[in-house]
Amino acid sequence: MTAYTPDPSAHVLDANLGLSAERARAGAHAKEQRHPRAVAPFRLWLLGLVFFGLFCVIGGKIFHLAVIAEARGPLKVIEYVLDGPADEHQRSRIQDRRGRILADNVYRKAAYADPKKIQDLEATLQGLAEIFPTLDMDDLRRRLSNKNRSFVYIKRGLTPKEEQAVWNLGEPGLEFLAEQHRVYPKGNLTAHVVGFNDIDTVGRAGVEAYFDPSLQQGVAPLELSIDVGIQHIVAEELAATIEEFEAPAGAAILLDANTSEVLSLVSLPDYDPYNPGAQSQAQLRNRATFETYELGSVFKVFTVAAALESGAVREDEEIDVTGPLQIGPHTIKDFKPYNGKMDPKTILSKSSNIGSAKLALRVGNRAQKRFLSSLGLLTHAEIEVQEVSAPKYPSNWRKTQTITISYGHGIAASPLQVANAFAAVVNGGIYRPATLVKRDPTAPLHDGNRVISEQTSIKVRKMLDHVVREGTGGNAGAEGYRVGGKTGTADKPSRGAYNEDARIATFLGAFPIEDPKYVLLVMVDEPLPQEYTYGYATGGWVAAPAFKRIVERTAPILGIEQILPAEESD
C-alpha cells in the first residue's frame with residue numbers, strides 16, 4: 001500500500017497558520033464529503049473550455065474559407081431556380097383545367113466566352129474538352145481565336161456540375177448567362193397537347209407553338225381544358241388495348257358534349273418533350289388531330305341523322321336491306337347478309353351497309369355533302385394546335401361516293417373531327433368547334449350552329465342506346481352507366497385499293513346517353529385478331545371494351561351519377 005503524502009503546498013500553508021498535519025488531513029476528508037453542488041463551478045469551467053475549443057475550430061474554418069480559399073476563387077453554390085433574373089421576361093405558364101402545371105420555366109446557365117479576355121487559349125480549350133467531351137473543339141478553337149468577337153457560346157443548358165467545372169477553370173474570359181428553359185412536369189403524358197419549345201424558348205409544336213406570340217408576352221397562365229387525371233386514365237387504357245391487340249398506334253379523345261372542351265386527347269405512341277429531336281416520326285405524329293382515317297361505320301350515325309332531319313325517312317319506316325346492292329360495277333354487301341326490311345334503328349344497331357346506302361341515296365349527294373360540311377368534317381379542324389390537316393374526300397361527289405361515304409369509306413377525317421361532329425348530333429343539335437382552352441364557366445355559352453333539331457337528336461340518342469343494348473356495341477356497356485354509341489371497322493386504303501389485313505377499329509359514344517355530358521372516341525390502328533376474340537379485330541371487339549373501362553373509371557371523377565339497376569331496363 002502506498003503511503004499518503006500530503007501536498008507540500010498544503011503543509012507549508014498549515015505551518016504558517018499554526019495548524020497540524022492531522023488537522024489538514026481532517027479538512028481534506030471533510031471536503032470529500034461535501035454535497036455534489038460544491039463541484040458545479042469546476043464542471044462549468046470544463047464545459048466552457050469545450051465550447052471555447054469548438055469556437056476555435058469554427059473560426060479556423062471561416063478563416064480558411066475567407067483567406068486561404070480566396071486564392072483559388074470564391075466557392076459557388078449552384079442550383080436550378082424557378083424565378084430568373086429580375087429583368088428576364090418570363091414565358092407564360094401552361095396549366096390544366098384544375099390548375100396543375102403542364103409547362104413552366106426554370107433558369108439554367110449557358111457558358112460563353114469573350115475571346116479578347118481569354119488569357120490562355122490552349123489551357124482553356126483543354127479544360128473545356130474534359131468538361132464537354134462531345135464539343136467540336138476545332139470549331140471552338142476557330143471561334144475563340146477570333147479576337148473581333150466578344151461573345152461566343154460554349155455550351156447552353158449547363159448542369160450544376162458542368163457550371164462548377166467551368167468556374168473552376170479560373171479563366172477570366174469565360175462567363176455565364178442565365179437562360180430560360182421550359183420544363184414539362186407531365187412529360188410524355190401531355191406531349192401531343194402541350195408540345196415543346198426549342199432552345200431559344202420558341203414554341204415548335206402543340207399549344208406551345210399555336211399560342212407562341214401570347215406566351216412570349218408573359219401574360220397570365222394559359223389554362224387548358226385538359227384534365228390531367230382524365231388524361232392519365234384514357235392514356236393508360238388506350239396503351240393497354242394497343243398492347244393487347246399488338247397494334248402500332250392509336251388515339252382517343254374525351255370531350256364535353258355541350259361546350260366541346262377537350263378533357264383528354266391522347267395519341268400513342270407519344271414522345272419526350274425534352275428531347276424531340278431524338279424521337280421517331282411515328283412518335284411525333286399526332287394521330288388525334290393530324291392524321292386522317294376512314295373510320296368506317298361510325299359515319300352511319302351521320303347518315304341516319306341526315307335522313308331523319310331531312311325527312312327522307314321516318315323513324316318507324318322500314319327499308320329493304322336484302323342484298324347485295326349493285327351500283328354500276330360496284331357491289332355493296334353487309335358483313336352479315338340480311339334479308340328483309342329494317343327501320344333506321346335496326347340499320348344502325350345491325351350496322352347494315354345496304355340500309356345506310358339506301359338512306360343516303362334518299363338524302364342525295366348535295367344534301368349529304370352540305371350536312372357533313374356543317375359538322376366540320378370537310379374542312380380543317382378548328383383546334384389550338386398546329387398539327388392539323390385537311391380531310392380527304394372525293395372531288396367528284398356522285399352516286400357511288402354518296403353510298404360509300406354513308407358507311408365511312410371514301411372520306412377520311414381526324415378522330416377529333418369525328419368526335420366533335422358526333423357531339424353535335426347527340427347534344428341537341430348544336431355544333432361548336434372543339435377547343436383545348438378552358439372555358440370560363442361564368443360566361444354565356446357560345447350559341448354555335450344548329451345542324452339538326454332537338455327532336456332529331458333525341459331520336460338518334462335512342463338509337464345509339466339500342467346499339468349498345470341490342471346491337472354491335474354490346475361490349476361498350478359500362479356497369480352503372482347508360483351509354484350509347486357506334487362501332488366502326490374499316491379496311492385501310494393501300495395503293496388504290498383496300499387492305500383487308502390492315503384495319504382501323506373504333507368505338508364512338510356518349511354518356512349518359514339520355515342526356516349526354518361527354519363524348520368519347522377510341523381508335524386503334526391495325527389491331528391483330530386474338531384467339532379469345534374468335535379471330536376478330538373489329539371495333540366491337542377491340543375499341544368497345546376500352547370505351548367501357550374508360551367510362552367506368554372517369555364517370556365518377558366527372559360527377560356522373562350511377563343509375564340504379566331498376567333504371568337500366570327503362
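The values are calculated or read from the model by the stated rules, or taken from the named source; none is laboratory data. Source: prediction; values computed, not measured. Here the Cβ is made from the backbone with ideal geometry for all residues, glycine too, and neighbour counts use every protein chain on show. Note: accessible area is taken over every heavy atom of the protein model, side chains too, but ligands, DNA and RNA are not part of it. Shrake-Rupley method; radii C 1.70, N 1.55, O 1.52, S 1.80 Å.
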Consider Leu177 carefully, then state whether it is part of a helix (DSSP H, G or I), over 15 Å from Leu125 (Cα atoms) and open to solvent by 40 Å² or more (accessible area, probe 1.4 Å). no
Take the residues in the stretch 388-406 that are of a type in the set (Ser, Thr, Tyr) and part of a helix (DSSP H, G or I), then tell me which one is nearest to Ser297 (Cα to Cα). Ser406
Kindly indicate which of Lys358, Lys333 is in the same structural domain as Ser457 (by TED's automatic domain parsing), at negative phi, buried (at least 20 other Cβ atoms within 10 Å of the Cβ) and among the charged types (D, E, K, R). Lys358
Just to verify a result, which residue in the stretch 289-327, among those that are in contact with an Asp or Glu (Cβ under 9 Å, 6 or more places away or on another chain) and small (Gly, Ala, Ser), is nearest to Leu520 (Cα to Cα)? Gly296
Among the candidates Asp136, Asp96, which residue alone is modelled with pLDDT of 95 or more, within 29 Å of Asn197 (Cβ to Cβ) and open to solvent by less than 60 Å² (accessible area, probe 1.4 Å)? Asp96
Which pairs do you get when a residue that is hydroxyl-bearing (Ser, Thr, Tyr), found in the stretch 447-466, comes within reach of a residue that is assigned to a helix (DSSP H, G or I) and open to solvent by less than 10 Å² (accessible area, probe 1.4 Å), reach meaning Cβ atoms under 9 angstrom, with the pair 6+ apart or on two chains? Thr456/Ala305; Thr456/Val425; Ser457/Ala305; Ser457/Ala424; Ser457/Val425; Ser457/Val426
Under 34 Å from the mean Cα position of the chain (by Cα), open to solvent by less than 10 Å² (accessible area, probe 1.4 Å) and either at negative phi or at pLDDT 95 or above (or both), is that true of Asn286? yes
It is to be established whether one or more residues within the stretch 380-387 are closer than 15 Å to Phe302 by Cβ, buried (at least 18 other Cβ atoms within 10 Å of the Cβ) and either not assigned by TED's automatic domain parsing to the domain that holds Ala282 or not β-branched (Val, Ile, Thr) (or both). no
So if I check each of Gly277, Gly250, which one is at pLDDT below 95 and assigned by TED's automatic domain parsing to the domain that holds Leu508? Gly277
Among the candidates Ala419, Ala490, Ala478, which residue alone is touching a residue at least 12 places away in the same chain (Cβ under 8 Å), within 26 Å of Tyr210 (Cβ to Cβ), touching a strand residue (DSSP E or B) at 6+ places or on another chain (Cβ under 8 Å) and assigned by TED's automatic domain parsing to the domain that holds Ala305? Ala419
Can you work out which of the residues in the stretch 441-464 that are more than 29 Å from the chain's Cα centre (by Cα), assigned to a loop (DSSP other than H, G, I, E, B) and not acidic (Asp, Glu) is farthest from Glu317 (Cα to Cα)? Val451
Of all strands (runs of 3 or more DSSP E) fully inside the stretch 469-570, the set with 3 or more residues that are at negative phi and open to solvent by 10 Å² or more (accessible area, probe 1.4 Å) is 484-494, 497-511
Matching residues, the stretch 433-468, being closer than 30 Å to Glu387 by Cβ and open to solvent by 30 Å² or more (accessible area, probe 1.4 Å): Pro433, Val437, Lys438, Arg439, Asp440, Pro441, Ala443, Leu445, His446, Asp447, Asn449, Arg450
Test: His192 is farther than 24 Å from Glu122 by Cβ and at pLDDT below 95: no
In the stretch 200-241, residues that are touching a Leu at 6+ places or on another chain (Cβ under 8 Å), in contact (Cβ under 8 Å) with a residue 40 or more places away in the chain and either under 16 Å from Leu265 (Cα atoms) or assigned to a loop (DSSP other than H, G, I, E, B) (or both) total 15
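Rundown of residues vs (1) open to solvent by less than 10 Å² (accessible area, probe 1.4 Å); (2) out of contact with any Phe, Trp or Tyr (no Cβ under 8 Å at 6 or more places or on another chain); (3) among the β-branched types (Val, Ile, Thr); (4) over 18 Å from Arg287 (Cα atoms), yes/no style:
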{"site": "Gly364", "(1), (2), (3), (4)": "no, yes, no, yes"}
{"site": "Ala367", "(1), (2), (3), (4)": "no, yes, no, yes"}
{"site": "Ser406", "(1), (2), (3), (4)": "yes, no, no, yes"}
{"site": "Ile411", "(1), (2), (3), (4)": "yes, no, yes, no"}
{"site": "Ala424", "(1), (2), (3), (4)": "yes, no, no, yes"}
{"site": "Gly428", "(1), (2), (3), (4)": "yes, yes, no, yes"}
